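What follows is calculated from the coordinates using simple rules that are stated; it is not laboratory data. The shown structure was predicted, so the numbers you read here are calculated from the model rather than taken from an experiment. Positions of Cβ are generated from backbone atoms using ideal geometry, with glycine treated the same way; all protein chains shown enter the neighbour counts.
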Amino acid sequence: MAQRQEIAAVYVAAVVQGIVLVAFPALSAIFTSPTHYGLSTTQYGGLFVPQAIAAILSSLLGAGLTRHIGGKGVLLLGLAADLLSMALLFVSQFAVTDHALTYVILLAATGALGIGFGFTVPALNTFTAAFFPDKIDTAILTLNALLGLGTALAPIFAIIFVGQGIWWGLPLVMSGFTLALLVFSIRLPLKEGAAPAADAKKKRIKMPGRFWIYAAFALVYGVCETLNGNWASVYMSTGLGASVALASLSLTVFWVTVTAGRILFAVIEKWCPPTVTYRGLPILLALAFFATAWTPRAHPVLALVFFGFAGLGCSALLPLVISFGQTELKSMAASVAGGLIGFYQMGYGVAAFGVGPLQEWAGLSLRSIYDGAILCALGLAVIAFLIVHRSASTTHAAVAAAT
């Protein structure tokens, strides 16, 4: 019974984390609207810099912190930071007449969100791997599907609350949900997966060369995902002339297909091995970027289809690179999860902030940026081949040594 409650808490935390994570992009229309926050494109992108930095630092520090306060402690810290983020976002509306103060509050909110994400997600992945040691790939895909469900729900909630003229309902409701989850989790033992990994007993961890291949994949993937997850609605409204509702719907379509893809590939694992999925999805993502970049302005609805394909292309890549990395580097599983989330956040930061300056200072359109993203997706395909090839070689060598 206790473990069922622990599993439930971990899975619910994934959904909550997903909603909180996309709350800011889902409210992009509010942040850039002259009647609300009035942020420029660069200022909007700048909101995510503290988030990326905080997420990188917290995810990299998480494995070491686990030695002192345990996995449960790290998870609770992450949830508390998520709660602070939503509370600050709610409070920011009361300072909207003071542009500088409002922006500082928003930066603090995204910084807290980065801490929450950096602590929570690696902890959730580590707990899940420990709960289901015999089917790690499927379990982590399921966990990330729930995380994706949350990211898909965020823009839907945003459309509802913005439509009712109470956009602040999103952070208010999520503050309540996060607080309830925090209180529920405090009384759970959450011991499985909380014990320090073998590498955590060492004062310094030296990552093997293979880790950096995984890290490169996570970084480039972060760029590709964020170009869709943070900029889809902006591209729809400014580049294709779509309505606010249609622009918000693009974000929903992207995250829904991310979630659906994770569920799909977990279900068909027997017929389509994860290694095949892992090598094939970057190609689909490259085709989606190409189609998105060349969507006619007169037909913005077509972009919804292409963002759907982009979501499917992204779907299983992050959970699979984490599960592959943890499986291959078992002695440092907690550090691998935290490290890869850190590099993923580096890519997130590059894309979240970099698009604004590329538009305002370099004069590039989002259409041109999506065109360039095709190369990023093809780079993922190359790195995926190297990871699968190396993993297969390692497995064959181990079998040969055993015989």
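Note on VAL382/ILE268: beta-carbon distance plugged into 1/(1 + (r/R0)^6) with R0 of 35 Å gives a FRET efficiency of 0.90. Restricting the stretch 269-334 to trypsin sites (Lys or Arg not before Pro) that sit in a DSSP loop and have at most 16 other Cβ atoms within 10 Å of their own Cβ leaves LYS270, ARG297.
Given axes a ≥ b ≥ c from the Cα gyration tensor, I'd like to know whether the stretch 1-85 is rounded (a/c under 1.5), prolate (a/b larger than b/c) or oblate.
Working: a/c = 3.93, a/b = 1.84, b/c = 2.13.
Oblate shape, in that a/c is at least 1.5 and b/c is the bigger or equal ratio.
Phi-derived couplings, Karplus 6.51 cos²θ - 1.76 cosθ + 1.60 at θ = phi - 60°, listed residue by residue for the stretch 245-253: 5, 5, 5, 5, 5, 4, 5, 4, 4 Hz, with x used for Gly and Pro.
Once the Cα-Cα distance is subtracted from the 0.36 nm per residue extended length, the HIS389 to THR35 segment shows a gain of 122.1 nm.
Of the residues ALA123, ALA245, ALA63, the one that moves most in a GNM of the chain with alpha-carbon contacts below 10 Å is ALA245.
With a cut-off of 12 Å on the backbone N, the residues of the stretch 82-113 near the modelled label site 7 Å out from ILE69 along Cα-Cβ are 82. Once the Cα-Cα distance is subtracted from the 0.36 nm per residue extended length, the ILE166 to ALA245 segment shows a gain of 26.9 nm. Every helix of 4 or more DSSP H residues in the chain counts as -39500 (n - 2.57), and over all residues that averages to -27500 deg cm²/dmol at 222 nm. How would you classify the chain from its alpha-carbon gyration tensor, with a ≥ b ≥ c the square roots of the eigenvalues: rounded for a/c under 1.5, else prolate if a/b is greater than b/c, otherwise oblate? Oblate, since a/c reaches 1.5 and b/c is not below a/b.
Full extension of the chain between GLN5 and PHE184 yields a length gain of 63.5 nm, computed as 0.36 nm times the residue separation minus the alpha carbon distance. Note on the chain: with a GNM built from Cα contacts shorter than 10 Å, the maximum mean-square fluctuation among GLN51, GLN164, GLN17 falls on GLN164.
Listed values for the stretch 52-63 are Karplus-derived 3J(HN,Hα) couplings in whole Hz (6.51 cos²θ - 1.76 cosθ + 1.60, θ = phi - 60°), namely 5, 4, 5, 5, 4, 5, 5, 5, 6, 7, x, 5, and x replaces Gly and Pro. Exposed loop sites, defined as chymotrypsin sites (Phe, Trp or Tyr not before Pro) outside DSSP H, G, I, E and B with at most 15 other Cβ atoms within 10 Å, are absent from the longest region of the chain, namely 1-270.
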